[in-house]
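Reviewing the structure listed below.
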Protein chains: 2
Amino acid sequence: MSLENLLDHAKQTSALSQVAGLISWDQETMMPKKGNASRAEQSGAIAAVIHGRNADPRIADWMEGVDRTTLSEFDQRNVAEIERSHRRATRVPERLARELAVAASAGQTTWVEARADKDFSKFKPALKRNIDLKKEAAACLIEDGQSAYDVLLDEFEPGARTQELSDLLESLRPALVSLRQRISEKPAPKRFIGAFGKAAQLALAEKIAAAMGYDFDAGRLDLAAHPFSSGSVNDARITTRVDEKDPLNCLYSTIHEVGHALYTQGGTDEFLPAADYCSMGVHESQSRFWENQIGRSRQFADWLYPELKSAFGEFGLNSPDDVYTAVNRVETDFIRTEADEVHYNLHILLRFSLERDLISGALAVDDLEEAWNTQFKADFGLDVPDPSLGVLQDVHWSAGLFGYFPTYSLGNIYSACLDQAMREDIPDRDTLIEKADCASTLQWMRDKIHSKGRVLQAPELIERATGKPPSAQPLIDYLERKFSGLYNL
Amino acid sequence: MSLENLLDHAKQTSALSQVAGLISWDQETMMPKKGNASRAEQSGAIAAVIHGRNADPRIADWMEGVDRTTLSEFDQRNVAEIERSHRRATRVPERLARELAVAASAGQTTWVEARADKDFSKFKPALKRNIDLKKEAAACLIEDGQSAYDVLLDEFEPGARTQELSDLLESLRPALVSLRQRISEKPAPKRFIGAFGKAAQLALAEKIAAAMGYDFDAGRLDLAAHPFSSGSVNDARITTRVDEKDPLNCLYSTIHEVGHALYTQGGTDEFLPAADYCSMGVHESQSRFWENQIGRSRQFADWLYPELKSAFGEFGLNSPDDVYTAVNRVETDFIRTEADEVHYNLHILLRFSLERDLISGALAVDDLEEAWNTQFKADFGLDVPDPSLGVLQDVHWSAGLFGYFPTYSLGNIYSACLDQAMREDIPDRDTLIEKADCASTLQWMRDKIHSKGRVLQAPELIERATGKPPSAQPLIDYLERKFSGLYNL
């Protein structure tokens, strides 16, 4: 009975977490603007309920009644995850949990206004509040040898440690800097030029999503200022945005979010914690794999070119080769979400180091804008003209998401590991992609990743899927190979 | 501190109820079809949380610590409403609450099937189950002198008593029967004829909503199979539907739901129970007032006619007079939701008497279909061809909603009382409506109804607003005046 009680309780809590996710989706897509203040209260109220359920003292009693040695690997993980949530909830007081949720919701509202006004000072109080609360929460959770940042990281990437992660990510830097340098000496490829109607962009985005295997009966596509995916197995929603001068924004945002949503739709259970996604890094590996290894491949351009022609008529490019080079155009610019594969991880390295310092106290919020601009100049060679193109460009910190950024680069690293292994298992994969036949690609991911839940931690999951421990080398090799070809390096 | 604790607890519960409302809105408007099963789990989980909060034993302790004699009228009502929810939550055992929810959900499923099959006998077991459970719940809640039906009524219309309500509603019958009889001898007015595009209908619906004073920054308009309104002060959403052969469906559904939403947007507090709507009857008075007294007035037709012309071109009607007669066409038919102002309350009187007898035991479920058909023949002069046009047409009983129907007629009665008083206070109101200038109309409702919350019970609220106790006479006078003119009676 104890196991049954534990799982039953966890399922109900999962259902409430899904509700919390849904009202957050609504906030980004549907909510009228005056709804902000009450939405913050609603989010706070449901966060408090979830917190209270995770902290329920009966969990400890039920836990004692379970003989873990007799459990399946899956149920062992269920119990371990329930224990993990229980530990987080009992150590973080309910008052603090509620304040965190309210600050995150209010922070996003303030961030939207500050970004529109290009005024970092308007955002500072909300950011300080979020950082103070996150540090207070981390202090409650710290275990032997962990830093505060380790604790925050663990929320998104269970078991990860700052130093190891830093070593892994920094091992990318020399290759990225070298590539960036060599490419910058070459002429820039052609761009998409034309008028790209909103309806035609969204129709093509839907067609691509369906070709990838996204199930629209278990999801939907909407517009949001900052595209994201959310939901659970049978209701996994995605969002995109439209720039009428540049269809790549909409199309590749969609492909990215569909990558996430395919992982979600491929889950084996909607409510049990061991069937949840493995880690944010693994989640990101799914979006990045589809966006880059598939969506920015030479083969995909064969399929995409005629679709673009039929959707938009003339757009300044005249062959699949032109499309392939245009979607892989490398350019030093300000915005992370629009960055190419060469610059993207440099953006992450910047944010990773800044947020580590914000949490450790080595950097004050008052000095953040200047620190950003200085480091950006050093890494990218550009002066940031205003904070909407700099420190205010991302939603994460406004929502209290510290420890999240590095999982993007982990995702890039893992996606290259998975791509390398998949090409060995499915030798004709690239030929299939020329026809947008994604079935075997999706099935491989279903088998190796989607159906595995979080029974294993990320490095082990990737090792089982690929036969090798994860490293940055496959990503470095992939980028060198691809961009050497594209730019005649 | 006790009052503060009570109010704080109630506000958090309100926030969670808003979340429950939002996920229900999402289910009707946005949710992909595979989301049904998990949405049921999510709704069940949040309903259990709200029930648990209302039953929280600390409420009784806090209640004892409050000296009610020192409270404002507003806080007295807050405390009384919290006590009312607490009593309902603690007296109905959790087992019964769950069985009620399951029976309501299962009842709706069975009802859909039985209605499709036009077979009342298929629906009988589910209906019996719902009635038995509602009677059991009523027995838990009964107070001195109340009948079981009084208890059910009280959920929607606080303080209402069956006998008084019956006297009030039945006082409508002779006038309605007489009007119906006299109109039936006259030729039928012309109808709208043409093709009415969806986008044009929705654009006009939005224009009307804005003219009425609906704040789109605190709400939104979407499509739903069965139009409804939902939400709270700063996020009061409405839905409508589109029939491309008949624009009145969309336009008058919108006006009706905007009427509800204006009441919601006019509230003074989003979370405190004393600021909630007064009763379902008062809520319906707001939708009906805008739909009928304003939207079906001769003056509104002056504004609407050129708008219809510009939206749809030719549609078979050639003057505001034609539009006025078409939107007030009287026709004896089977379906309540499509009934005109003359027939609507006869539909309600039928349901009201039948459900009272079902709850008292004077009528058995086995005899319900025959009782319906006999009474319908007497009231409407028509033989019911099959139960989908008769006893199976409405969802309410399948979902355990007994005591809800009479609030529709209360709404009609109250709307006429308010209309009569408003015309005295704003002598030029009708002239303003010719230009769709609704500001003074809305302000009057804001002052007299919207800002008053549920501090007073409905009859007292209406009396304070109009200077007279509510009666059916203003509605009878309004209908006689209007339809005598329209049909040359």
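Each helix, a run of at least 4 DSSP H residues, gives -39500 (n - 2.57); summed and divided by the residues of chain B, these come to -20500 deg cm²/dmol at 222 nm.
Could you give the longest part of chain B that holds none of the GluC sites (Glu not before Pro) found in DSSP loops with at most 14 neighbouring Cβ atoms within 10 Å?
Value returned for the longest uninterrupted segment is B:332-489.
Calculate I(q)/I(0) for chain B by the Debye formula, one identical point scatterer on each C-alpha and no solvent, and give its log10 at q = 0.09, 0.11, 0.12 Å⁻¹ to two decimals. Each listed q maps to, in turn, -0.64, -0.99, -1.21.
Of all beta bridges that DSSP places with both ends in the protein assembly as shown, some 55 percent have antiparallel geometry. For chain A, the longest principal axis of the alpha carbon atoms and the long axis of helix A:94-116 meet at an angle near 20°. Note: relative contact order over segment B:1-121, using C-alpha pairs below 8 Å and six or more positions apart, is 33 percent.
Which shape class applies to segment B:248-352: rounded if a/c is under 1.5, otherwise prolate when a/b exceeds b/c and oblate if not, where a ≥ b ≥ c are the square roots of the Cα gyration tensor eigenvalues? Here segment B:248-352 falls in the oblate category. The Cα atoms of segment B:139-211 cover 58, 37, 22 Å along the three principal axes, with the biggest extent listed first. Work out the charge dipole of segment A:305-383 with +1 on the Cβ of Lys and Arg and -1 on the Cβ of Asp and Glu about the Cα centre, then indicate which of A:Leu308, A:Ile359, A:Leu349 is farthest towards its positive end. Value computed over the given set: A:Leu308. Length gained on full extension, B:Asp357 to B:Asn488, computed as 0.36 nm times the residue gap minus the Cα-Cα distance: 43.3 nm. Across the copies of the chain, B:Leu489 has label points (7 Å from Cα along Cα→Cβ) spaced 8.7 nm apart, shortest distance listed first. Between copies, the label points at A:Ala362 (set 7 angstrom from Cα along Cα-to-Cβ) are spaced 8.2 nm, reported in nanometres from shortest to longest. In the assembly of identical copies, B:Ala188 has its label point, taken 7 Å from Cα in the direction of the beta carbon, separated from the corresponding points by 6.8 nm (ascending, one decimal).
Shielding of peptide A:38-50 by partners, expressed as the average count of other chain Cβ atoms within 10 Å per residue Cβ, is 6. To make sure I understand the rule: partners must be lysines, Cα under 22 Å from the Cα of A:Lys448, and not fewer than 8 residues away in the same chain. Which ones qualify? Cα-Cα hits under 22 Å: A:Lys468. A simple rule links phi to the HN-Hα coupling: the Karplus curve 6.51 cos²θ - 1.76 cosθ + 1.60 with θ = phi - 60°, which for segment B:284-289 gives 5, 4, 6, 5, 5, 4 Hz, with x for Gly and Pro.
Return one number: the angle in degrees, 0 to 90 and rounded to the nearest 10, between the long axis of the Cα atoms of helix B:173-184 and the longest principal axis of the Cα atoms of chain B. Once rounded, the angle reads 30 degrees.
Using the Cβ-Cβ distance between A:Met1 and B:Ser166 with R0 set to 51 Å, the FRET efficiency works out to roughly 0.50.
A Cβ-based charge dipole, computed about the Cα centre of segment A:85-181 with Lys and Arg at +1 and Asp and Glu at -1, lands at about 400 debye.
For segment B:241-323, the list of trypsin sites (Lys or Arg not before Pro) that fall in a loop by DSSP and count at most 15 other C-beta atoms within 10 angstrom reads B:Arg241, B:Lys245. Charges were assigned to the Cβ only: +1 to each Lys and Arg, -1 to each Asp and Glu. The resulting dipole of chain A about its Cα centre is roughly 620 debye. Modelled this way, with points 7 Å down the Cα-to-C-beta line, the labels at A:Leu432 and A:Glu143 are 3.9 nm from one another. The residues of segment B:121-211 expose, per residue, 48 Å² of accessible area to a 1.4 Å probe. Positive-end ranking of A:Tyr263, A:Thr240, A:Tyr252 along the dipole of segment A:180-285, with charges on Cβ about the Cα centre, is headed by A:Tyr252. Segment A:254-283 and segment B:401-441 have their alpha-carbon centroids 52 Å apart. In this simple spin-label model, placing a label point 7 Å from the Cα along the Cα-to-Cβ direction at both B:Ala439 and A:Ala364 gives a separation of 5.0 nm. Going through the cross-link list A:Lys190/A:Lys482; A:Lys128/B:Lys11; A:Lys190/A:Lys309; B:Lys190/B:Lys309; A:Lys377/A:Lys482, which pairs have a Cα-Cα distance over 20 Å in this structure? Result: A:Lys128/B:Lys11; A:Lys377/A:Lys482 exceed 20 Å.
When the Cα positions of B:Leu461, B:Val79, B:Gly400 are compared along the charge dipole of chain B, B:Gly400 comes out farthest toward the positive end, with charges on each C-beta of Lys, Arg, Asp and Glu.
Count neighbours as other Cβ atoms within 10 Å of each site's Cβ, and list the trypsin sites (Lys or Arg not before Pro) in segment A:404-489 that are DSSP loop with at most 15 such neighbours.
Answer by residue number: A:Lys435.
Relative contact order of chain B, please, whole-number percent, based on alpha carbon pairs below 8 angstrom and at least 6 residues apart. Result for chain B is 20 percent.
Counting only alpha carbon atoms, the long axis of helix A:298-312 and the longest principal axis of chain A meet at about 80°.
Spin-label pair A:Glu83-B:Lys468: with each label point 7 Å from Cα along the Cα-Cβ axis, the two points sit 7.4 nm from one another. Using R0 = 41 Å, the C-beta based FRET efficiency linking A:Lys309 and A:Ser178 works out to 0.65.
The values are calculated or read from the model by the stated rules, or taken from the named source; none is laboratory data. On a predicted model such as this, the values are computed, not experimentally measured, just so you know. Using ideal geometry, Cβ is built from the backbone for each residue, glycine included, and neighbour counts are taken over all protein chains shown. We work out accessible area using only protein heavy atoms, side chains counted, and drop any ligands, DNA or RNA first. Shrake-Rupley method; radii C 1.70, N 1.55, O 1.52, S 1.80 Å.
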